[in-house]
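Asks: Here you go, one structure.
Since every read-out is calculated from the coordinates, none of them should be taken as a lab result. Note that this is a predicted model, so its numbers are computed, not measured. Cβ coordinates were reconstructed from backbone atoms using ideal geometry, including for glycine residues, and neighbour counts include every protein chain displayed.
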Amino acid sequence: MAGAFGAHGLRQIVSPRGLEVFQTGVTYQIYHALALLAVAVLAGFGLARRWLIASAVLFVVGILLFSGSLYGLVLMDLTVLGPVTPVGGLCFMAGWVCLIIAAFKRIPESG
């Protein structure tokens, strides 16, 4: 929905650069929403649960900070949110690192 809103609803309201920034937020939000689904699926494969949880939390925080700050910049001209965007990006990167660690730290099978 956010992508459609950006493509159709914002075209007459914000600059082409604003549309580009908004689209970046949408793109990263959808990629990391899919990553969250992958984390949920991987939880059933015996990967280290605490690393999966850390990954999921970091992806959610990353979406809120990264995409949310870009939406705020475009929709409300909240330039104070500019420094928040890189923090969200760091959360994304840390989430991927946690997911990779989870993949290598399998829970031993009992029995």
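Asks: Return the long-range amide H neighbours of Leu47 (sequence gap of 5 or more, or a different chain), with a cut-off of under 5 Å between placed amide H atoms.
Replies: Answer set, sorted by chain and number: Ile107.
Asks: What FRET efficiency do you get for Ile53 and Glu20 if R0 is 41 Å and r is their Cβ-Cβ distance, rounded to the nearest 0.05?
Replies: Efficiency at R0 = 41 Å is approximately 0.75.
Asks: Right, another one. Could you check the simple spin-label distance between Leu64 and Leu42, using points 7 Å along Cα→Cβ, in nm with one decimal?
Replies: 2.2
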